[in-house]
Amino acid sequence: MIQALASTAERDKEGDESGMRVTEHPILGGLTPGRVVQIVVDGKKIEAREGETIAAALLAAGIRVNRYTSKRHEPRGLFCGIGQCTDCVMVVNGVPNVRTCVTPVASGMVIETQHGSGGRAESDEEV
Amino acid sequence: MPRGLTVDGFPTEEELKKSPGYPSEERFKRGPVAVVECVQEIPCNPCELACPRKAIQVGVPITNLPRLDEEKCTGCGICVARCPGLAIFVVDKTYSDKEASVSFPYEYVPLPREGDVVLAVDRAGSVVCDGTVLRISNPKRNDRTAVVTIAVPKGMADEVRGIARIRGERIG
Amino acid sequence: MAVVGAGPAGLAAAIEAQKRGLNVLLVDMNLKAGGQLIKQIHKFFGSHEHRAGTRGIDIARDLYEEAVSSGVEVWLDAAVYAIYPGPVLEIARGILATRTASKEMVHASRVVLATGASENAVSFPGWTLPGVMGAGAAQTMINVERVLPGKRVLMVGSGNVGLIVTYQLLQAGAEVVAIVEVAPKIGGYGVHSAKVRRAGVPILTSYTVLRAFGDRQVEGAEIVAYDEHHNPIEETRQFLDVDTICIAAGLKPYAKLAALAGCELIYSPVLGGWMPVHDENMHTSVPGIYVAGDLAGVEEASTALEEGRLAGLSAAESLGKGGPDAADEKESIRERLSMLRIGPFGKARADAKSEVIKVGEKICRAG
């Protein structure tokens, strides 16, 4: 619980971080103003660009921890970026183990940091 | 002590001078000329097709090093943006009494502006002198690779191959 | 014919076979076609036939349009998770877009597997911290998603991927503090290394990353140089203030599906590790199954294109749809492939490929 509180506080700070979006680019040009959708991450509303992946939306908001491991509660974040390593999985709309690096955001999506395998009973300590 | 392309990451004067794409000192004295800094046999030949005067030849196989025909080359600079390796420059050691001009590919934002005083860098990225931006060329055929030309002190013509990337406030 | 993977090899195979009269279904598990080309914003090497001088993103778009306009049916967001004798493909559709998949069974006379490659990892203390990621992941973030994975980056590995992603991180506005390379020499092309050196990025050869620091995410890295006996030189140990560590330690063929289909594998260190054995027509040991691109040995987009064409053509030919020019065309593709495998970078791959094909001629009967 203490850990969860700390992580929320950290996010509030990071949420103010800006400048992670690549707005100007010599080859790709200016970032076109896409449609903005609201998503909820651990209870906090953040803005995302329609079509982008959940992982990208989180990085743009300064959020890098997607889950904590079962036994040692170590943080994990984006690693392979192609939906293979499962380090970036989170609980999305109540469904655990969603690969955020390949899953696009949708308006109103509710995303939670995943602890262990994300099961409701959280019996991962025993695994 | 320069250790060569495969250790330092950029070619030494010796590696450049023995490659067939590097102009002779006599040719430099006659005006602008392409300097092809491609000293490794990689499969690539767009430079050959780029030159309207056929001054750069690769031939068969395409791993041949590009050979510059310094008599045919007019230093027009079309090849600079066409080299996928961004390894071609145009150097004019006759630009003025005291200055030479160096043209190089530049794929960063923001672009410098004409007249800006910029920090000229050598092949290792070290700032070696100031330069003045003479022109920026980025027509459609460049496919988004801008070519920037700067004037630098004549003695720096063999060293300068770019500028420090511009960030935040513009210099000058 | 079914083609699995819509990168350069799969797209080329699909186009070639469709043009020769086969009905081609191209499936890819991603939401966008183009494979890794969709994040390659640099101009490609090679010759005119390989679209040299054109940026990878533009090649991806053109190939995809060509595939669609020539009549190839494309299923995106479609993951092939089983191949049964026949061959029959079992495919889950819609996982990414809807997060609920529908199952499809596809019977194909011929299958071309073009599943590409995956990145190798390097482990060191702290490597699991958020902020340590594959160079490919960082490249996707900056060039496809247009989000910086971090602002100050350490790149581990100086092969072409490490050098190119370094350059592209700079283009996106990040700082690359250094590239460390454990070998005494830079792995990638000199023109790429010259480009990043000019931009002020040091390339430290005979250096490695010792650890990543940080509580919840990367807050720094420690690097050290090695002497010729591979012992760390203590006085070179230094802390780098970085928030991101990218790993560019090479690629390996993504051979899971080929293995599942029963294709004989062979270990080729030069070509990235375990890969399916194939003959000179890109046919594997399983009747009717072909391979192409990085799955058939990690090389480059230009070789992947040519191998895709060869696989598509061979598959069409095996069904009597090769056309009168099939033999000549195959010969000219092989000629172009051999041209891409010469020089100091290509020679080892040429030798490794002939070894694979030598084994392949024994165990891969023509489809």
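Given the pairs B:Lys17/C:Lys39; B:Lys154/C:Lys39; B:Lys98/C:Lys195, which are separated by over 31 angstrom at their Cα positions?
B:Lys17/C:Lys39; B:Lys154/C:Lys39
Return the equivalent ellipsoid semi-axes of chain C as a descending list in whole Å, where each equals the square root of 5 times an eigenvalue of the C-alpha gyration tensor.
The equivalent ellipsoid of chain C has semi-axes of 37, 22, 19 Å.
Under 19 Å from the Cα of B:Lys54, which lysines turn up, not counting those fewer than eight places away in the same chain?
B:Lys72
Using only the Cα atoms of region C:103-186, what do you get for the radius of gyration and for Dmax, in Å?
Rg then Dmax for region C:103-186, in Å: 16.7, 52.
Just to confirm a number: summing +1 for Lys and Arg and -1 for Asp and Glu over residues other than B:Arg53 whose beta-carbon lies under 11 angstrom from that of B:Arg53, what do you get?
Charge balance near B:Arg53 sits at 0.
Place a point 7 Å from the Cα of B:Glu14 along the Cα-to-Cβ direction; which residues of region B:143-169 have their backbone N under 20 Å from it?
B:158-159
Give me the extension gain from C:Thr98 to C:Glu65: residue separation times 0.36 nm, minus the current Cα-Cα distance, reported in nm with one decimal.
Between C:Thr98 and C:Glu65, full extension yields 9.4 nm more.
Quantify how much of the Cα-Cα distance distribution of the protein assembly as shown extends past 37 Å, in percent.
40 percent
Any idea what angle helix C:56-69 forms with the longest principal axis of chain C, computed on alpha-carbon atoms, 0 to 90 degrees, nearest 10?
For helix C:56-69, the angle is close to 20 degrees.
For chain C, what is the relative contact order in percent, using Cα pairs closer than 8 Å and at least 6 residues apart in sequence?
This gives 18 percent for chain C.
Using a Cα-Cα cut-off of under 22 Å, which lysines could be cross-linked to A:Lys44, ignoring same-chain neighbours fewer than 8 residues away?
A:Lys13
Less than 10 Å Cβ to Cβ from C:Gly136, Lys/Arg counted +1 and Asp/Glu -1: what total charge do the surrounding residues give?
Net local charge, C:Gly136 excluded: 0.
For C:Ser109, put the label point 7 Å out on the Cα→Cβ axis and report which residues of region C:276-319 keep their amide N under 12 Å from it.
Those under the cut-off are C:315-319.
Tell me, what is the per residue accessible area of region C:104-261 in Å², probe radius 1.4 Å? Could you put the intermediate results ahead of the total?
Working: 5300 Å² over 158 residues.
On a per-residue basis, 34 Å².
Would you pull out the residues with amide H under 5 Å of C:Gly273's amide H, same chain only if 5 or more places away, H placed 1.01 Å from N?
C:Ser268
Springs between alpha-carbon pairs under 10 angstrom, Gaussian network model over chain B: which of B:Lys154, B:Lys72, B:Lys140 fluctuates most?
B:Lys140
Tell me the angle of helix C:301-318 to the major Cα principal axis of chain C, expressed in degrees between 0 and 90 and rounded to the nearest ten.
20 degrees
Karplus couplings for region C:224-232 from phi (6.51 cos²θ - 1.76 cosθ + 1.60, θ = phi - 60°), rounded to Hz, Gly and Pro as x?
Working through the residues one at a time gives 8, 8, 10, 8, 5, 9, 6, 9, x Hz.
Aspartates and glutamates near C:Lys358 by alpha-carbon distance under 14 Å, same-chain residues fewer than 8 away left out - which ones?
Of all the aspartates and glutamates, those that pass the test against C:Lys358 - Cα under 14 Å, at least 8 places apart if same chain - are C:Glu264, C:Asp279, C:Glu280.
Estimate for me the total accessible surface buried between chains C and B (protein heavy atoms, probe 1.4 Å, no ligands or nucleic acids), in Å² to the nearest 100.
3300 Å²
Would you work out the relative contact order for chain B, in percent, from Cα pairs under 8 angstrom that are 6 or more residues apart? List each step's numbers first, then the result.
Numbers: 372 pairs, mean separation 31.3, N = 172.
The value is 18 percent.
When the gyration tensor of region A:2-115 is built from Cα positions, what are the square roots of 5 times its three eigenvalues, in whole Å, from largest to smallest?
23, 16, 14
Which residue fluctuates the most in chain C, going by a Gaussian network model with Cα springs under 10 Å, if the choices are C:Glu234, C:Glu306, C:Glu119?
C:Glu234
Report the percentage of all Cα-Cα pairs in chain B whose separation exceeds 30 Å, rounded to a whole percent. Each step should come with its number before you reach the end.
Working: 1799 of 14706 pairs.
Beyond 30 Å sits 12 percent of the P(r) for chain B.
Add +1 for every Lys or Arg and -1 for every Asp or Glu among the other residues with Cβ under 13 Å from the Cβ of C:Ala316, and state the total.
+2
Only Cα pairs under 8 Å and at least 6 apart count here; give the relative contact order of region A:2-115 as a rounded whole percent.
Taking the mean separation of contacting Cα pairs over the length of region A:2-115, I get 27 percent.
For chain C, modelled as a Gaussian network with Cα springs under 10 Å, which listed residue fluctuates most, C:Thr166, C:Thr115, C:Thr208?
C:Thr208
The values are calculated or read from the model by the stated rules, or taken from the named source; none is laboratory data. Model, not experiment: these values are computed from the prediction. FYI the Cβ positions are ideal-geometry reconstructions off the backbone, even for glycines, and counts take in every protein chain you see. Heavy atoms of the whole protein, side chains included, go into the accessibility calculation; ligands, DNA and RNA do not. Shrake-Rupley method; radii C 1.70, N 1.55, O 1.52, S 1.80 Å.
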